[in-house]
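Participant: Got a structure for you, written out below as structure tokens; questions coming shortly.
The values are calculated or read from the model by the stated rules, or taken from the named source; none is laboratory data. Just so you know, these numbers come straight off a predicted model, no measurement behind them. Note that each Cβ is placed from the backbone with ideal geometry, even for glycine, and that neighbours are counted across all protein chains shown.
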Amino acid sequence: MRELTINEVNEVAGADLGSAVYSGVLGAAAGFTGGAIIGGVHGGDGGGLLGVGSIGQGVGMIAGGCIGLVTMGIWGTAYGYNHGQEVESITSSFWNSVINGSFYPGTSTNNSI
């Protein structure tokens with residue numbers, strides 16, 4: 001039995017499954033973080049007891065994180081099956097924007113607000 005080349009490995013059914021799993025984990029981690037940030041920012045918008053929306057923010061962070069985890073995990077797995085490098089690039093740019101403070105969790109694309 002001979003050793004397969006990269007092109008031959010990619011043609012074998014299920015051989016690229018590792019890329020899909022890796023992309024799914026990256027997408028899920030980024031989705032959880034982004035969902036928690038957005039849920040925390042907008043969870044308490046309705047106010048609450050005495051106008052303090054801290055409970056709503058906590059619930060928003062948990063719910064947003066869970067929704068982001070599932071949706072981005074599914075997206076990362078589905079899209080990363082054939083485009084693993086692109087998923088890695090997208091999640092890397094997301095993490096960079098979170099770390100350097102340029103991630104804007106609002107509904108507007110205008111970051112100067």
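Participant: The conditions are (1) out of contact with any Pro (no Cβ under 8 Å at 6 or more places or on another chain); (2) surrounded by 12 or more Cβ atoms within 10 Å (Cβ to Cβ), and R2 fails exactly one of them. Which is it?
Facilitator: Exception for R2: condition (2).
Participant: Here's a check for you: in the stretch 21-33, which residue that is surrounded by 17 or more Cβ atoms within 10 Å (Cβ to Cβ) and out of contact with any Ser or Thr (no Cβ under 9 Å at 6 or more places or on another chain) is farthest from Y104 (Cα to Cα)?
Facilitator: Pass one, the stretch 21-33, residues surrounded by 17 or more Cβ atoms within 10 Å (Cβ to Cβ): 23-24, 26-33.
Keeping just the survivors that are out of contact with any Ser or Thr (no Cβ under 9 Å at 6 or more places or on another chain) gives 32-33.
Numbers: F32: 16, T33: 13 Å.
So, considering only residues that are surrounded by 17 or more Cβ atoms within 10 Å (Cβ to Cβ) and out of contact with any Ser or Thr (no Cβ under 9 Å at 6 or more places or on another chain), the one farthest from Y104 (Cα to Cα) is F32.
Participant: Taking T91 as the residue in question, decide whether it is surrounded by 16 or more Cβ atoms within 10 Å (Cβ to Cβ), at pLDDT 85 or above, under 10 Å from the mean Cα position of the chain (by Cα) and more than 30 Å from I6 (Cβ to Cβ).
Facilitator: Values: surrounded by 16 or more Cβ atoms within 10 Å (Cβ to Cβ): yes; at pLDDT 85 or above: yes; under 10 Å from the mean Cα position of the chain (by Cα): yes; more than 30 Å from I6 (Cβ to Cβ): no.
Against the criterion (surrounded by 16 or more Cβ atoms within 10 Å (Cβ to Cβ), at pLDDT 85 or above, under 10 Å from the mean Cα position of the chain (by Cα) and more than 30 Å from I6 (Cβ to Cβ)), T91 does not qualify.
Participant: Still on this structure, please answer the following. With the condition kept exactly as written, say whether any residue in the stretch 57-70 is of a type outside the set (F, W, Y), part of a loop (DSSP other than H, G, I, E, B) and without any contact (Cβ under 8 Å) to a residue 40 or more places away in the chain. Spell out the reasoning first.
Facilitator: Filtering the stretch 57-70 for residues of a type outside the set (F, W, Y) gives 57-70.
Now restrict to residues that are part of a loop (DSSP other than H, G, I, E, B): none.
There is no residue in the stretch 57-70 that is of a type outside the set (F, W, Y), part of a loop (DSSP other than H, G, I, E, B) and without any contact (Cβ under 8 Å) to a residue 40 or more places away in the chain.
Participant: Oh, and also: Test N82 against the stated conditions and say whether it is modelled with pLDDT under 85, farther than 17 Å from P105 by Cα and part of a helix (DSSP H, G or I). Before the answer, list the steps.
Facilitator: Numbers: modelled with pLDDT under 85: yes; farther than 17 Å from P105 by Cα: yes; part of a helix (DSSP H, G or I): no.
No, not satisfied.
Participant: Of everything in the stretch 64-77, what is more than 14 Å from T33 (Cβ to Cβ) and surrounded by 15 or more Cβ atoms within 10 Å (Cβ to Cβ)? Give them in sequence order.
Facilitator: Filtering the stretch 64-77 for residues more than 14 Å from T33 (Cβ to Cβ) gives 74-75, 77.
Across the stretch 64-77, the qualifying residues are W75, T77.
Participant: Out of (1) farther than 18 Å from H83 by Cβ; (2) modelled with pLDDT of 85 or more, the odd one out for A28 is which?
Facilitator: For A28, the exception is condition (1).
Participant: Can you pull out every residue in the stretch 34-55 that is assigned to a helix (DSSP H, G or I) and crowded, with 20+ Cβ neighbours inside 10 Å? Step through it out loud before you land on a result.
Facilitator: In the first step, residues of the stretch 34-55 are kept if they are assigned to a helix (DSSP H, G or I); the result is 34-42, 49-51, 54-55.
Within the stretch 34-55, G34, G35, A36, I38, G39 meet the criteria.
Participant: Every residue in the stretch 48-69 that is among the small types (G, A, S) and at pLDDT 75 or above, please. Even if it seems obvious, please write down each step before you answer.
Facilitator: Restricting attention to the stretch 48-69, the residues satisfying the condition of being among the small types (G, A, S) are 48, 51, 53-54, 56, 58, 60, 63-65, 68.
Residues satisfying the conditions are G53, S54, G56, G58, G60, A63, G64, G65, G68.
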